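**Student:** The structure is given below, and queries will be raised subsequently.
The values are calculated or read from the model by the stated rules, or taken from the named source; none is laboratory data. Model, not experiment: these values are computed from the prediction. Counting neighbours? That spans all protein chains shown, and the Cβs are built from the backbone with ideal geometry, glycine included. Note: accessible area is taken over every heavy atom of the protein model, side chains too, but ligands, DNA and RNA are not part of it. Shrake-Rupley method; radii C 1.70, N 1.55, O 1.52, S 1.80 Å.
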Amino acid sequence: MKERKITGHTGLTCLLGSPVAHSVSPAMHNEAFAYHGLDYVYLAFDVSQEQFQCAVDGLMVMDARGWNCTMPHKRLMYERADILSEEARLIGAVNTVVHKDGVLTGYNTDGKGYMRAVQSAGHDIIGGKMTLLGAGGAAASIAAQAALDGVPEIDLIARKGKSWDAIQEIADRINRQTDCKVQMYELQDERQMKRSIEESRILVNASSVGMSPHEEGCLVPDENYLRPELIVSDVIYHPKKTNLLQMAERAGCPVFNGMYMLLYQGAYAFELWTGKQMPVDLIKEKYFN
């Protein structure tokens, strides 16, 4: 690996969000820049919603190559971008920006990261049905990319709360603009949940239920909803094994968590900025074991 030195020519990439101090993204990207001998640095900036537009203006003035956006800025970046990728238009959110000649191109690599994590875990879900739990940004990203990649049917199950109308709009766009059929059901309809899971190749928890420090949570009532041939995944990676994944293991299901979704969404962003592949095996060994 080549020695890195910050110079007057060093290019800037970064993360905008709040909070961001916990993020592993700076370690991942700076490791990848060093691996390729690229004169870039990746930093994390804690930016409020009120400061967001000013921060983007500043990054453009400083000719930053690109940046990531995390909560609560993905929708704001979607509205600010000049050009949107297909998946970003479907989702209505941007997590990765490429800046060139004053033009901001917005992408959403979250769903791509999830679908690559599925492949990394050794599974092929194209052509099979997906049951997706949750109504937030992760659920929207996964649903949109799964539809674009060829998953023909998705049952989206969520609480009918403040995010319901937004995810319904995304489901409607997916139904209009892809060959995938997305249907929405309320979480309390346990009979429908059981039916959806029985018909699915993969069950995905895309909600925050079960995340530390509230590790006791689980949206699936019990093991009777699961069967050994069902793939079960969780976007949560802290804890590494949520109650859902533990339950699924007891039922004999193959399982994986959200750790590699995080890795691969970053890998897609890195490639958009540099044209080079992130050394994912090296990053896995150093930061994800």
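**Student:** Looking at the chain, what % of the alpha carbon pairs are farther apart than 35 Å?
**Tutor:** For the chain, the fraction of Cα-Cα distances above 35 Å is 18 percent.
**Student:** How large is the dipole of the chain about the Cα centre if only Lys and Arg carry +1 and Asp and Glu carry -1, each at its Cβ, rounded to the nearest 20 debye?
**Tutor:** The dipole of the chain has a size of about 280 debye.
**Student:** Roll a 1.4 angstrom probe over the protein heavy atoms and tell me the percent of accessible area of the chain that is carbon or sulfur.
**Tutor:** So the carbon and sulfur contribution to the accessible surface is 48 percent.
**Student:** Something else now. Putting +1 on Lys and Arg Cβ atoms and -1 on Asp and Glu Cβ atoms, find which of His9, Val255, Cys69 reaches farthest to the positive end of the dipole of the chain.
**Tutor:** His9
**Student:** While we're on this one: Could you work out how far helix 25-36 tilts from the main Cα principal axis of the chain, as a 0 to 90 degree angle to the nearest 10?
**Tutor:** With rounding to tens, the tilt is 60 degrees.
**Student:** Of Ile174, Thr96, Val24, which is farthest along the charge dipole of the chain in the positive direction, counting Lys and Arg as +1 and Asp and Glu as -1 at C-beta?
**Tutor:** Comparing the listed Cα positions along the dipole, Val24 ranks first.
**Student:** Report the charge-dipole magnitude of segment 133-240 in Debye, nearest 20, computed about the Cα centre from +1 at each Lys and Arg Cβ and -1 at each Asp and Glu Cβ.
**Tutor:** Roughly 200 debye, rounded to the nearest 20.
**Student:** If packing is taken as the average number of other Cβ atoms within 10 Å across a peptide's residues, how do 210-216, 193-199, 241-247 rank, most packed first?
**Tutor:** The packing order, highest mean first, is 241-247, 193-199, 210-216.
**Student:** Please check: in the Gaussian network model of the chain (C-alpha springs, under 10 Å), which one of Val204, Val118, Val103 has the largest mean-square fluctuation.
**Tutor:** Val103
**Student:** Got a sec to turn the phi values of segment 41-48 into Karplus ³J(HN,Hα) couplings, 6.51 cos²θ - 1.76 cosθ + 1.60 with θ = phi - 60°, whole Hz, x for Gly and Pro?
**Tutor:** So the Karplus estimates, Gly and Pro as x, are 9, 10, 10, 10, 10, 7, 10, 6 Hz.
**Student:** OK, next. What full-extension length gain, to one decimal in nm, is calculated for Tyr35 and Ile126 as 0.36 nm per residue of separation minus the Cα-Cα distance?
**Tutor:** 29.4 nm
**Student:** May I ask which of Lys129/Lys240; Lys162/Lys194; Lys129/Lys286; Lys162/Lys286; Lys162/Lys241 have a Cα-Cα span longer than 30 Å here?
**Tutor:** Lys129/Lys286; Lys162/Lys286
**Student:** Rounding to the nearest 10 and keeping the result within 0 to 90°, find how far the Cα-based axis of helix 190-199 lies from the longest principal axis of the chain.
**Tutor:** 80
**Student:** About the Cα centre of segment 72-200, how large is the charge dipole given +1 on each Lys and Arg Cβ and -1 on each Asp and Glu Cβ? Please answer in debye to the nearest 20.
**Tutor:** 280
**Student:** What trypsin sites (Lys or Arg not before Pro) in segment 84-161 are in a loop by DSSP, with at most 15 other Cβ atoms within 10 Å of the Cβ?
**Tutor:** When the trypsin sites (Lys or Arg not before Pro) of segment 84-161 are filtered for loop state and at most 15 Cβ neighbours within 10 Å, Lys160 remain.
**Student:** With every protein chain present, what is the per residue accessible area of the chain (1.4 Å probe, Å²)?
**Tutor:** Value returned for the chain: 46 Å² of accessible area per residue.
**Student:** Under a 10 Å cutoff between Cα atoms, tell me which one of Gly134, Gly275, Gly252 has the largest fluctuation in the Gaussian network model of the chain.
**Tutor:** Gly275
**Student:** May I ask you to derive the FRET efficiency for Gln188 and Thr7 from their Cβ-Cβ distance with R0 = 45 Å, giving the value to the nearest 0.05?
**Tutor:** 0.15
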